[in-house]
Structures are given as structure tokens and as C-alpha cells.
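Here the structure comes first, spelled out in C-alpha cells, and everything after it is commentary.
Please treat every number below as a calculation from the coordinates, not as lab data. Since the model is a prediction, treat every value here as computed from it, not as a measurement. Glycine gets a Cβ as well: all are built from the backbone with ideal geometry, and neighbour counts include every protein chain shown.
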Amino acid sequence: MKKLLTLPGLLLALLFPLSFALAQRPATEEDYYRIVTLPIPETIKLEVGGLAPLPDGRLAVCTRRGEVWIISNPYMQGSRVPTYKKFASGLHEPLGLMWHPKGYFLCTQRGEVTKLVDNDGDDVADEYSSFYKWPLSGNYHEYSYGPVLLPDGDMIITLNLDWIGYGASLAKWRGWMLKLTENGEMTPWATGLRSPAGFGILHDGSIFYTENQGDWVGSGRMTNLTKGAFAGNPAGLRWSGEPGSPLSLKPEEVPSTGKPMFEVAKTVKELKVPAVWFPHTLMGISTSDFKEDTTKGAFGPFAGQLFVGDQGHSKIMRVALEKVNGEWQGACFPFREGFQSGIIRTVWGQDGSMFVGMTSRGWAATGKDPYGIQRLVWTGKMPFEMKTITSKPDGFEVTFTAPVDRKAAESPESYSLNSFTYKYHRTYGSPIENARPVPIRGVVVAPDGLSARIVADTVLREGYIHEVKAEGVRSASGMPLLHSVGYYTLNAIAPGEKLTLPARAVAMAKHDHAEMMATEKKAAATTSKNVKSVNAKRTVAMPADWTNGADQTLTVGTKPGLKFDTDKLEVKAGSRIKLVFNNNDDMLHNFVITKPGAANAVGDAALRLNLNGPKMNYVPATPNVLYHTNILQPETSETIYFLAPAEPGDYQFVCSFPGHSSLMQGTLKVVK
């Protein structure tokens, strides 16, 4: 029987429909930021490489198939649908498009920035001319991006590294950011870039770029690039001796010790540490384009913050920056998931909404569509979020978008702090290193309820990422945070006076500290037990009692686009199996055999491992997992031995690395 509303309840529902609805169910991202999908004709393969809004409200798109399209009515005003007109074609995988204020397009293809001009006003390019060229080696990984216009009329572009089992600069200026004048004259700006798909300029003139995990890159990150900066991957330093190079650092002068990047930067003065790390799989797996919120409130309560796309996880993250002792640092937060494909480009619309351009061919994503364009629109409702995290001399200050419930927000039990870092080395990626909980000494809430000062009970570690969770905080109206975690990159501890805590706050913290230590000890024991349980399902040496060897040998590889090179294997029930897993791809993978129908559940469980994921090779401790390899570096292999299940059926295999499991699956058929 349905519960009927009382008259007061009915009045509240009519007066405050969203508040009433949220009181009946948990709030979702869709309540505050709505995704609107632009319909695309089936005949157009709109694999977005670049987006450029036009002054008249139309939207231009370049595609990886070498075309430029102009979309009329992209806002779908009234009942009209968007219309598409082909402006240009025959380009080589362009991954950047810009409308120049002087009335023409600049489009970056593999080997040049091309100027596209419509001389007769029919929305078709009449003139294709080379604006600036660079050499190519022919390597498939030679992606090129931009240009982005600077306030002084100059432009910047970036050139991806080649891939030969590791990042390489086979052609001149690969791995660099280059600055171009309006006349097509080039000045090298910075290097150390690996896969610099996202870059831009802030309102104060600062240039930033985003990077993806890879060799010399432990996790996704965002870095401020000043002239002569070295962002970390030494391959581009091959060209540091060329005329015009703003730095003279050589590749052999960059040590691969595995120490944190922050420590290496103390001796390699050109090395720029990231302003913000995006912890791998905890936030995203392949950062892409970003935009600073310059909408003056049309996009919500985050003016001046950055919104960063992620290609692999089909999501947008949020970044709040600050400068401490002259260095950029700040926090990243979850923001909006659920886009239809892998995000590569974002631009602001004239109404303050965000256009999101997507593609996934060869760069598979959690969004199931091969490409698409969507708009992200603020509904006008205020989400309850951590707005910022800023450094303080004794901890952090968290601000909120709405006043908090004081009792909940003052309790140290409502928060948790952890710190960790990554290795800086030539190896692909890095496990989470030196993870350590940070005890909380006390919390003080501001009189207006819009901020909380979290005082740590230890000196914070510079150069480390700090996980700030506020799962117990509630708004004054009782709502939980829409997203309760942020990751702050602490390059410098803010100067100033430490906070003197009220006696009540200290007493609460001492009590909570003892409980926290006991909880952490129990959690560590559980993790250790889970690691042992998982490792028991991985046998890398042939069992001694297999005197006649294996009954069957299987070999499985990987292909670009998050795929195994086969989707079906067959074995006899109870037979002795030797399986060789070759990771031929340019990213990390494992091979996990599961019970029938359990691949998705195993992938979901791997995603929830959080900070424990790397140490468990993203293999969850669950009976659904039968056998597995470890996470493998690109161009490496591992052999495991196991007995095939005794019960015939369609078992599964999957890569359980977060973001891969929905696509990297196959069937292990066990027959009598």
C-alpha cells in the first residue's frame, strides 16, 4: 500500500519539489547537471577531434576521419534539431580546431596546422593552406593538438610522443609545446610532454596542460608550463640542443630512481612538478581537455575553477587551484559521470552550458557509443559539495557550497585524511607509494557554517597527494555531500599561524584518534589477508606434480582499444592448463578468469578497491575470481598454471584494471 502524503507534506512537495524529491531519495548528479545529447545523422561519423564555437552561435567540429562540420542550432532551441554541413575534408586525423577572430579556421592535423578559409560565404572551405609544418616519422602515436589562442594573439600547439614500447621522439619537436605567432613563426616553449591532449590558458595568463599515465608518469596530472619548463618525460629532450630551445637539459641527466617526482625536482631544476595529480582509477584514467569556468555563475557555484575531461572514464572532474609560496597546487573532485563516449574536447556555449565532444575508436571508454556531442547544463539547483580545499599551516580548510550541520561537521569522525605518492621512473605508471593515514587533531567550523578547518595531528608531507574524505558531513538541512572526497596535491604548506583548538575539539579528537588507529590496524590486517587470498589464485611456476607437463597451452594477447586478441578460449574440464598472457598494448592490463557471468561483478569490485587496488593488482578478493595474472607493463608477458574447472560451462575472462572490464572480456568454454 502506498503511503499517502499529509496536507503539510503535500504543501511542502508543491512549494519545494526538488527538495522534497531529494528527501525521498539520494541526490544524483543529474539533479544538478543535466546531459543533453545532440542527435547526429547516421551517415556522419562524428569522431570528435576538436570543437570551435562560432560567434553566431553555431558549433564547428573536426573529426578524426579528416572532416570539418558546422552544426547549426546546437542548442536545439524550440523544436528544431541541429543541422550539419561539411565545411572541409581530406585532413589527416585532426585533433584540434580553432576559430580565429579574423574569420578563418586553424585546424591541427598530424603534420601541420592548416588554415581553412571560406572566401565566398557558402560555409565550405575554398582555401586550404599550410600555416605551420613539422616533420613526421610515420609512427601511429604522432597525435598533434591545438591550436589554442593566447591573449596577445600568439597560439600554442602540442605534439604527442611516438610509441615504440615506450615514449620516444622520433621526429623533431615530438613531446613539446610550441608557440606560434599569427604569421606562423615558431618558438619552442616547453617539453617533457607525453600525451598532451588537453591544454589551455587561464584568465591570469598561466598555461597548463594535462597528462596521461605512462612511462615517467605515475598517474594523470595537470602542470603549469612556463617557458623552458620540463614536465617529466625525457624523450623530447632529444631536441634541447636545437636553436631556440629554452632549456639545455639532456635525457641522460634525468634519473630513473623511483623516488617521488617532488624529490627529484630538488636536483633537476627544470623539472616542473604537477599542480594537481588525478589519482589513477580513483579519479580517472586518461585526462583530456579542460576549461576554466568563466561563465559568471551560469554554470553553477564554481566560478574560476577548472573542469577536466577524462577520455577513458567518460567523465568530467573539477579542480580548484591556489598558489602557495609562488607555486600552483590544489584539489580535484569528482563532478559528472555518464557521458556517451570518451571525452576529448570541451568548449563553453554562449548560454554558459558546456559542449562535450567525444570519440572512442582505439581509445576505448566506459561510454558505450563510438562518438558523440553532448551539452552539460546546470539546472539552477545548488548541489551540496566540497567547494574548495586549501592548504593551512597545520592542515586543510574545506569550504562548502551550503552551510553544514555544525554537530556533524565538528566531529573528527566525519572526516578522514590519507597521503600517498607515486614513483617517478621510466616504467609505465606507478603503484601508490608510501600511503599513510593522517590523524586529525580537531575540527573547527566557521560561524557561518560554510567552512571547516581540519587540523592534522602530524606534520603534513610536501609533495604528496592528500585524500580528504568528509563522508559524515551533512548540510544544515540534513543532506549528505553529493561527492564526499577530494584529492589535494600539497607542493607547499601554507604559511601563517597554526590554529588554537578549543578544549572540546581536542578532547573529541583524542578519543577519535584512538578509535581511528584501532580501525586502521584492523583494516591493514584485512588488506593483508585479502592480498594473500588473491595471490593464492596466481601460480607462475609449473606445479611439481605435473610430471608430464601441461595438457594444453593457451596464449592470449591484447590489441589497441581495450581488447584481447581473442574473445573465446576452450579447454577440457579438469585439464592442466598453461596460459601465456602477452600485453602487446601501450597500457597496463591483467588477465582474470571468473565464474560464469561474473566478469562485470569482478570489474565493479576492482573499481571499489580504491587505495588498495595497486597492491592487489586490481584483483578483488572474491570467490568469483578463479585464476589471474598480475598487472602487466606494456610489452611484457606472464605465464600462469591452473586446473580447468571440473564443471563444464561458459566461464569468463576479463581485464579487471578499472575502466577496462566493461570492454575487455571473453569466454572460457569448459567442455567435457
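From helices alone, the chain scores -3000 deg cm²/dmol at 222 nm; the rule is -39500 (n - 2.57) for each run of n ≥ 4 DSSP H residues, then divide by the residue total. According to the Cα-based calculation, Rg over Rh for the stretch 552-671 is 0.93, with Rh computed by the Kirkwood formula. Pairs exceeding 19 Å between alpha-carbon atoms, taken from K259/K323; K559/K669; K423/K615; K102/K291: K259/K323; K559/K669; K102/K291. Straight-line reach from K672: taking Cα to Cα under 25 Å and skipping same-chain neighbours fewer than 8 places apart, the lysines in range are K537, K568, K572, K578, K595.
Using the structure shown, select from K296/K387; K179/K266; K133/K272 the pairs with a Cα to Cα distance greater than 18 angstrom. With Cα atoms farther than 18 Å apart: K179/K266; K133/K272. Put simply, when 41-52, 619-630 are sorted by average Cβ atoms within 10 angstrom per residue, most first, you get 619-630, 41-52.
How many percent of DSSP beta bridges within the chain run antiparallel, rounded to 5? Don't jump to the answer; show the numbers that get you there.
On the way: 150 of 163 bridges.
Looking only at bridges with both residues in the chain, the antiparallel portion is about 90 percent.
Protection proxy ranking, highest mean first, for peptides 288-297, 382-391: 382-391, 288-297, where packing is the per-residue count of other beta-carbon atoms within 10 Å, averaged. Counting only aspartates and glutamates at least 8 places from K498 when in the same chain, those with an alpha carbon closer than 16 Å to its own are D394, E397, D457. Between T43 and K102, the simple spin-label model (points 7 angstrom out along Cα→Cβ) gives 3.6 nm.
Electrostatic bookkeeping for P26 treats Lys and Arg as +1 and Asp and Glu as -1; over the other residues with beta carbon under 14 Å from its beta carbon, the sum is -2. Near I493, once Lys and Arg are set to +1 and Asp and Glu to -1 for all other residues with Cβ below 14 Å from its Cβ, the sum equals -2.
Is the shape of the stretch 26-378 rounded, prolate or oblate, going by the alpha carbon gyration tensor and its root eigenvalues a ≥ b ≥ c, with a/c under 1.5 for rounded and a/b larger than b/c for prolate?
On the way: a/c = 1.70, a/b = 1.25, b/c = 1.36.
It is oblate, given that a/c is not under 1.5 and a/b is not larger than b/c.
Which lysines have a Cα less than 17 Å from the Cα of K86, not counting those fewer than 8 places away in the same chain? In chain and number order, the partners are K45, K115. Residues in the stretch 562-586, backbone N under 14 Å from the label point at T553 (7 Å along the Cα-to-beta-carbon vector): list them, ranges by number please. Residues 577-582 qualify, since their backbone N sits under 14 Å from the label point.
Each residue, R436 and K669, gets one label point 7 Å from its Cα in the Cβ direction; the gap between the two is 5.5 nm.
Given +1 on the Cβ of Lys and Arg, -1 on the Cβ of Asp and Glu, and no further charges, what dipole in debye does the chain carry about its Cα centre, rounded to the nearest 20?
On the way: 70 positive and 66 negative charges, 352 e Å.
It comes to approximately 1700 debye.
What does the charge add up to near F642, with Lys and Arg as +1, Asp and Glu as -1, over the other residues with Cβ less than 10 Å from its Cβ? Local net charge: +4.
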